[in-house]
Structures are given as C-alpha cells and as structure tokens.
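Working notes, beginning with the structure itself.
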Amino acid sequence: MITIEQLKETQARADSLKRYLDIDSKEMQYEEEQLRTQAPDFWEDQKRAEAQMKLVKSLEKWIVGYKEVRTLVDELQLAFDFYKDGLVEETEVDDDYQRAIDAIEALELKNMLRQEEDSMDVVLKINSGAGGTESQDWAQMLMRLYMRYAEAHNYKVTISNIQDGDEAGIKTVTMEIEGEYAYGYLKSESGVHRLVRVSPYNAQGKRMTSFASVFVTPLVDDTIEVYVDPSKISWDLFRSGGAGGQNVNKVETGVRLRYQYKDPDTGEEEEILIENTESRKQLENRENAMRLLRSQLYDRELQRRRAAQAKIEAGKKKIEWGSQIRSYVFDDRRVKDHRTGYQTSDVGGVMDGKIDGFIKAYLMEFATEDENKD
C-alpha cells in the first residue's frame, strides 16, 4: 500500500510536468494552429499543409498525454480516499499508483526528445560481424528483438532489404520502423552489440563471442530538404532472391543505388551503396532507395554538425558512432550497456524486445548533452 507521501509526490510530479511542458501555452497554440487548417486555400500548398497538420497533431499529443496523466493522478487520489473508507482494496490503490507513475515517466521521457529528428521514423540496419554462421544467427536474433520492440509499441515495420546467411541467420537487414518518436527512442541502439553464449553451432559446446552492428538513421519525409546531386547517382538492376513467387526470380526488380558522397569538410569521397528489394515493381524500389539515400545524407549532416560541436566541447563524454555499446552474456544471465552502466538479468525479456530500460538510461544520461549542443 502506498503512503500519503508517495501520493503527494505523484501529485507534485504531475503539477511540475504541466509547468515545464507549458501545457497552457500549448493549448492556446493548438487552437490557433487548428484555425489555420480551416482556411479555404489550406490544401493548395500540399507540403505546407502537411507540415501544418504535423504541428497540430504534435501539439495535440502533448495535450492529450498530459490530460491522461492528470486523470490517472486524480483517480489515484480518489482510490486513496475510498481505501480509507473501506470501499476499495490495497491492491487497487497500488495498481492505480503504478499506472499514474508509468504515465508520468513516459511523458517525462518523451520530453527529453527535443531534437528536430527525434520525432521522425527510423531506418534501422543490422550487419553481422566476422564469424560466419554464429554472427549471422546473432544478427537475426537482433532483428527479431527490434521487431518485437516495434510490435509492443505499435510501430509499423517494413523490411526493405534482407540477405540470408550462408547456413542460418542473416548477413544484413534494413528495416523501416514507423511510429511516434521512433528515432528519438531507437537512436540509442546504434553501435556494436556483443553476444557471449555457448554456441549451438559448435560441436564442442564452447563459449563463443559474436558481434553485429546496428545503424540507426532518421527516415526523412518530403518536408525535409536534402540535396541529392543527380550526377553522382548510378543504378544497377538485379533479380530479387527469396520467397515471393516466380516473378521475383525472373525479372530484374531489385535495385542497387550507388552514390558518390564527398565529405564537405575533409573532401574525402565515399560510395554509399543501397539495395532495395521491397517491392516487385522496379520503379517503387527506385523510389524507396532514393528515400533511404536522402535519409542517410540527412543523418550524415546531423553527425557532421555534432562532430564539429564535439570538438568545441572536447571535455564532454563522447558517444563514438559504431563503438561497442552493449554486451549480452547468456550464461551469466546479464545484459549490460557499457555507456550508461545499466544492466538487467532478464535476458529473455530483452531478446523479446524489452529494451525500454536501456533506452531510458541512455536518454537520462545523454539527452541533456544533445540539447546543450544545439
């Protein structure tokens, strides 16, 4: 049974949340922005209209989110009073308390996602490391982890490209994950993931170490301006492999986009390679590949800006892109994030997509740094 102090603390957190989210101002702004959508010529400029609708929906979600918190806190107060009168059980009060706390923490966490790109959808790519079947199996396990995470958060997942492993698992997969603040939450997953386990592929039953890299980039839409130099693009066509009917194997529907990227600071040139086999239609695969290219170029610009800022703030703790970020040690029942120190013994839960604790720890430690960089 919760105490009166816990009840008061919960109410105080809800009051504070209203102040620093500035809900009153958001409500006024929402009404003003909503009125703009009712103009007769509103949809004449479609891009501008879509951007306006996005703003309106964003404001509405903050307002609705806070109202939910307020309702749950009020219900908690009511349940607490009813308990004193003998009308409800202790467990009912504790359940109401947990629901209120969960809603408050979810909104507090969301408030940490203030970067422009945080609200975007995600392109998540997994590559198996050296080690053949063992690492390819690990890459597939990670793919399942993120698909389960997306499912639990009502995110939509589309696999735009996948290459099966030689014997088991996958060599690489590119997934598009669409949902509210998908990039803001999943950006913490970029880096090298290390697995330690007794390998099912080793006849001697030895403990093996495998690696897989995860790359997370924001999925840009038509409202984001990204320059793509047409002269630096070339295309290859190939026959898509895997299931999907006879047409998949007989017609060259798969596309391979090559883009000659030049770093604006160093002048170094690099080829960006994107393959797309999502659709049976070549034109749609071309469009999808271009969208993924724009996402990568947008992400590189973000990384370039942050790298420049990091030089200025050299004393701050750095997060190296692509460095080893997390270890999954199955025998010891331990998953540990090396950046935050957060760990859990619920290995099975983590592999089923329960990574919210890792994401929260990352945002608690690094979201303020990201905000200060801007």
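Screening residue 76 against (1) farther than 30 Å from residue 210 by Cβ; (2) not in a helix (DSSP H, G or I) leaves a single unmet condition, (2).
The combined condition, being more than 30 Å from the chain's Cα centre (by Cα) and of a type outside the set (Gly, Ala, Ser), is not fulfilled by residue 123. Which of the residues belonging to the stretch 129-174 are touching an Asp or Glu at 6+ places or on another chain (Cβ under 8 Å), closer than 23 Å to residue 327 by Cα and small (Gly, Ala, Ser)? Those that are touching an Asp or Glu at 6+ places or on another chain (Cβ under 8 Å), closer than 23 Å to residue 327 by Cα and small (Gly, Ala, Ser): 132, 165, 168, 169.
The condition (being aliphatic (A, V, I, L, M), out of contact with any Pro (no Cβ under 8 Å at 6 or more places or on another chain) and part of a helix (DSSP H, G or I)) is satisfied by just one residue among 59, 87: 59. Scanning the stretch 229-243 for residues that are under 29 Å from the mean Cα position of the chain (by Cα) and surrounded by 13 or more Cβ atoms within 10 Å (Cβ to Cβ), we see that the one that is modelled with the highest pLDDT is 233. Residues in the stretch 262-278 that are buried (at least 18 other Cβ atoms within 10 Å of the Cβ) and out of contact with any Lys or Arg (no Cβ under 6 Å at 6 or more places or on another chain): 274, 276, 277, 278. The residues in the stretch 19-41 that are surrounded by 15 or more Cβ atoms within 10 Å (Cβ to Cβ) and either within 27 Å of the chain's Cα centre (by Cα) or within 16 Å of residue 101 (Cβ to Cβ) (or both) can be counted, and the count is 4. Quick one: residue 136 ticks every box in (1) modelled with pLDDT of 95 or more; (2) closer than 26 Å to residue 357 by Cβ except a single one, so which number is it? Looking at each condition in turn, residue 136 falls short on (2).
Residues that are buried (at least 21 other Cβ atoms within 10 Å of the Cβ) and over 15 Å from residue 276 (Cα atoms) within the stretch 156-175 comprise 169, 170, listed in sequence order. Screening the candidates 86, 65 for the property of being in the same structural domain as residue 11 (by TED's automatic domain parsing) and surrounded by 15 or more Cβ atoms within 10 Å (Cβ to Cβ) yields one hit, 65.
Of the set (1) modelled with pLDDT of 95 or more; (2) over 16 Å from residue 110 (Cβ atoms), all apply to residue 44 but (1).
Taking the conditions (1) more than 24 Å from the chain's Cα centre (by Cα); (2) within 21 Å of residue 360 (Cα to Cα) in turn, residue 117 satisfies each one other than (1). Evaluation of residue 150 against the conditions (1) closer than 17 Å to residue 123 by Cβ; (2) in a strand (DSSP E or B) shows that the sole unmet condition is (2). Only residues that are crowded, with 18+ Cβ neighbours inside 10 Å and free of Cβ contacts under 8 Å to residues at least 40 places away in the same chain were counted in the stretch 98-132, giving 1.
With respect to residue 81, is the statement that it is surrounded by fewer than 17 Cβ atoms within 10 Å (Cβ to Cβ) and either of a type in the set (A, V, I, L, M) or closer than 27 Å to residue 114 by Cβ (or both) true? No; evaluated as a whole, the condition is false for this residue. Only residues that are within 14 Å of residue 138 (Cα to Cα) and crowded, with 18+ Cβ neighbours inside 10 Å: list them for the stretch 330-350, please. Result: 350, single match. Quick test for you: out of 320, 252, 301, pick the one residue that is modelled with pLDDT under 90, part of a loop (DSSP other than H, G, I, E, B) and outside the structural domain of residue 193 (by TED's automatic domain parsing). Only one candidate passes the filter, namely 252.
For the subset of the stretch 114-133 comprising residues that are assigned to a helix (DSSP H, G or I) and over 30 Å from residue 208 (Cα atoms), which member is modelled with the highest pLDDT? Here the answer is 118. Name the single residue, out of those in the stretch 176-216 being in contact with an Asp or Glu (Cβ under 6 Å, 6 or more places away or on another chain) and within 26 Å of residue 131 (Cα to Cα), that is surrounded by the fewest Cβ atoms within 10 Å (Cβ to Cβ). Among those that are in contact with an Asp or Glu (Cβ under 6 Å, 6 or more places away or on another chain) and within 26 Å of residue 131 (Cα to Cα), it is 201.
The values are calculated or read from the model by the stated rules, or taken from the named source; none is laboratory data. Small disclaimer: the values here were computed from a predicted structure and weren't measured. Using ideal geometry, Cβ is built from the backbone for each residue, glycine included, and neighbour counts are taken over all protein chains shown.
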